[in-house]
Amino acid sequence: MTMAADGAPTHVMPLRVYWEDTDASGVVYHANYLRWFERARTEWLRALGYSQERLMSEVGIAFTVASIEIQYRRPARLDDLLDVVTRISEIRNVSLSFTQSLQRPDAPGQILTQAQVRVACVDAKTFVPRRIPNLGW
């Protein structure tokens, strides 16, 4: 976990594009970006010391995607080395908003895909919205 210029904690998850991630033309299939963004948010939580299982069993909460807006700017291709950059853009009582982007590590700031993701904090058993506890962010 690092800090952005504005002080927001930023998590970077490296990945490589495999054959299974691409369509017949060797370009990443659009739905795979959503998988990578989800995985990066999970790794962001892990970097803070919380697995999804621990949040559910010990804290009694889960985070569920409430909305997502994604912009595809440039294609990612077979065998590319990429970084998924995750940062919190807003914290509210029962939701967190993230800005997530897919970038090439050798071209910082060149965004291939970017998403605005809002997750809701819910009770792990009832899925009723619940205030976000202080988890250290």
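Things to note:
- In the chain, the longest principal axis of the Cα atoms and the axis of helix 30-47 are about 50 degrees apart.
- Selection from A62, P105, M13, by position along the positive dipole direction of the chain (Cβ): A62
- Taking D83, D21, D106 in turn, the Gaussian network model of the chain (Cα-Cα springs below 10 Å) assigns the largest fluctuation to D106.
- Net charge of neighbours whose Cβ lies under 14 Å from the Cβ of T22, counting Lys and Arg as +1 and Asp and Glu as -1: -2
- Förster radius 25 Å - calculated FRET efficiency between I111 and A66 (Cβ-Cβ, nearest 0.05): 0.65
- Whole-number percent relative contact order across the chain, with pairs defined as alpha carbons under 8 Å at least 6 apart: 27 percent
- Calculated on the Cα set of the chain, radius of gyration then Dmax: 15.6, 45 Å.
- Mean residue ellipticity (222 nm) of the chain, computed from DSSP H runs ≥ 4 via -39,500 (n - 2.57), nearest 500: -4500 deg cm²/dmol
- Sequence of Y50, Y72 once ranked by neighbouring C-beta atoms within 10 Å, starting from the fewest: Y72, Y50
Readers should treat all values here as calculations from the given coordinates under stated rules, not as data from a laboratory. Please read all numbers here as calculations on a predicted model, not as lab measurements. A quick note on method: Cβ atoms are made from the backbone with ideal geometry, for glycine too, and the neighbour counts reach across all protein chains shown.
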